[in-house]
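Data first, discussion second: the structure below is written as structure tokens.
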Amino acid sequence: MNYPGFIGATDRVSARTVNAERTINWFPELATGTPKAKAWLVPTPGLDPFVVLGAGPVRALYAEENRCFAVGGGNLYEVMANQTFVFRGAVGMDGRPASISSNGSDGRQLFVVSNGDGFIFDLTTDLFTPIIDDGFPRPVSMGAFIDGYFLALQAQSDKFQISELENGLVWDALDVAQVSHTTGIVRAMVPVHRELWLLGTSTTTVWADIGDPDFPFAPIPGAFIQQGIGSLFGWTVVDNALFWHGQNEDGGRVAYRAQGYTPQRISTHAVEQAWAEVSTLQDTICWSYQDRGHAFVVFYLPAAETTWVYDVSTGGWHERALWDPTALVWTPHLARCHAFAFDKHLVGDRQSPAIYHLDADTHSDGMVVAG
């Protein structure tokens, strides 16, 4: 029978008599044409074990030109299509995600930021080199690449620095910029459409390459946003837009999508009520992927019982989680980073060295490997 309104997204508001709906490990998909029902529930993809690295947890994944790299524990690995891996170098270990960026076919370098330091992996020679240049800013919280330059965000500051053109091993201490328009520290540095978004604790500025030979990047006039970010890695880019966990001087725990330079609220009152009950969101990690016409924005909140997912195609939210049959509680989904490699959605385990294939035809939660 058709029960109108029975199928929907997670929408458990504070007044349970109004709506207590939770959608866990399923997501609504809208039917087209002349169906018997307007919507149906699709099971979320399972975790098919792909490879187990030499150390964990998996702190970053990156894919380019049919090659895939991962930071597992304190090491950089190359993940092979035949489900093996090769150790490429030691990058140090801390409790945060690592970042990997590339200067592509021109420079053939990967820039890895981990444990406050930087490293370069040469994609042509497979040579791994720690950055020893005295001009490199330490400690660094994350890296990026725009228009031929690697960029390094200095931790707990409002400054970022650029490398020599197409060479991440050479850094001039004078090639630094201070984000004077943003109050507080810059928590996140995100390249979007060749622009550099610098998200602070309460405001955001957007910079662009203006071609100045002394320093190429400068703030875009008028691109000042009265919304910051609540966590260093609480952002992702998908569907041609930036999504993030927002915060400013008025409050936080709201999810946004950038529409031009305007933040558009995408979280609902139900989502915000659930997030308000979590002890902290400062360690939120976002990642995203596109599959079968859906673009998903995933918010992994370590202190929450489930992982929250926004479906861009429908505007609805659902939750993903593992059921603990002993404690009889939900725990967050295992994945906390993603790369599309070898025509597969690969995700890294938040608590072990395992990398999984996120697969709609797999109906299990993979495996948990100690390490």
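The values are calculated or read from the model by the stated rules, or taken from the named source; none is laboratory data. This structure is a prediction, so every number in the text was calculated from the model and none was measured. All Cβ positions, glycine included, derive from the backbone under ideal geometry; neighbour counts span all protein chains shown.
Quick look at the numbers
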quantity: Within the range 4-36, considering residues that are in a loop (DSSP other than H, G, I, E, B) and in contact with a His (Cβ under 7 Å, 6 or more places away or on another chain), the one surrounded by the fewest Cβ atoms within 10 Å (Cβ to Cβ); calculated: Val13
quantity: Residue in the range 226-233 that is under 21 Å from Pro137 (Cα atoms), modelled with pLDDT under 95 and either surrounded by 15 or more Cβ atoms within 10 Å (Cβ to Cβ) or in contact with a helix residue (DSSP H, G or I) (Cβ under 7 Å, 6 or more places away or on another chain) (or both) present; calculated: no
quantity: Checking Ala354 against (1) small (Gly, Ala, Ser); (2) touching a Leu at 6+ places or on another chain (Cβ under 7 Å); (3) under 20 Å from Gly74 (Cα atoms), the condition it does not meet; calculated: (2)
quantity: Strands (runs of 3 or more DSSP E) contained in the range 205-248 and holding at least 3 residues in the same structural domain as Ser267 (by TED's automatic domain parsing), closer than 15 Å to Gly260 by Cβ and of a type outside the set (S, T, N, Q); calculated: 217-225, 241-248
quantity: Ser163, sole failed condition from (1) farther than 26 Å from Leu281 by Cβ; (2) among the polar types (S, T, N, Q); (3) part of a loop (DSSP other than H, G, I, E, B); calculated: (3)
quantity: Output for the range 37-56, where each listed residue is in a loop (DSSP other than H, G, I, E, B) and within 21 Å of the chain's Cα centre (by Cα); calculated: Thr44, Pro45, Leu53, Ala55, Gly56
quantity: Number of the exception - Thr280 against (1) farther than 27 Å from Ser114 by Cβ; (2) surrounded by fewer than 18 Cβ atoms within 10 Å (Cβ to Cβ); calculated: (1)
quantity: Residue under evaluation Gly74, criteria (1) in contact with a Ser or Thr (Cβ under 8 Å, 6 or more places away or on another chain); (2) under 28 Å from Thr10 (Cβ atoms); (3) of a type outside the set (D, E, K, R); (4) surrounded by fewer than 19 Cβ atoms within 10 Å (Cβ to Cβ), criterion not met; calculated: (2)
quantity: Positions within the range 205-238 being within 15 Å of Phe160 (Cβ to Cβ) and over 18 Å from the mean Cα position of the chain (by Cα), in sequence order; calculated: Thr205, Val206, Trp207, Ala208, Asp209, Phe215, Pro216, Phe217, Ala218, Pro219
quantity: Residue in the range 214-224 that is touching a residue at least 24 places away in the same chain (Cβ under 8 Å), farther than 20 Å from Ser114 by Cα, of a type in the set (Asp, Glu) and out of contact with any His (no Cβ under 8 Å at 6 or more places or on another chain) present; calculated: no
quantity: The range 307-331 - residue that is of a type outside the set (Lys, Arg) and crowded, with 22+ Cβ neighbours inside 10 Å and, of those, farthest from Ile24 (Cα to Cα); calculated: Tyr310
quantity: Failed condition for Gly89, given (1) surrounded by 15 or more Cβ atoms within 10 Å (Cβ to Cβ); (2) in a helix (DSSP H, G or I); calculated: (2)
quantity: Among (1) more than 22 Å from Met189 (Cβ to Cβ); (2) free of Cβ contacts under 8 Å to residues at least 12 places away in the same chain - the single one Gln264 does not satisfy; calculated: (1)
quantity: The range 120-129 - residue that is touching a residue at least 40 places away in the same chain (Cβ under 8 Å) and out of contact with any Lys or Arg (no Cβ under 9 Å at 6 or more places or on another chain) and, of those, surrounded by the fewest Cβ atoms within 10 Å (Cβ to Cβ); calculated: Thr129
quantity: For Arg59: the one exception among (1) surrounded by 19 or more Cβ atoms within 10 Å (Cβ to Cβ); (2) of a type in the set (Lys, Arg); (3) part of a loop (DSSP other than H, G, I, E, B); calculated: (3)
quantity: Contacts under 8 angstrom Cβ, first residue in the range 333-358 being free of Cβ contacts under 8 Å to residues at least 40 places away in the same chain and farther than 20 Å from Glu64 by Cβ, partner in a strand (DSSP E or B) and of a type in the set (A, V, I, L, M), 6 or more apart; calculated: His333/Val298; His333/Ala321; His333/Leu322
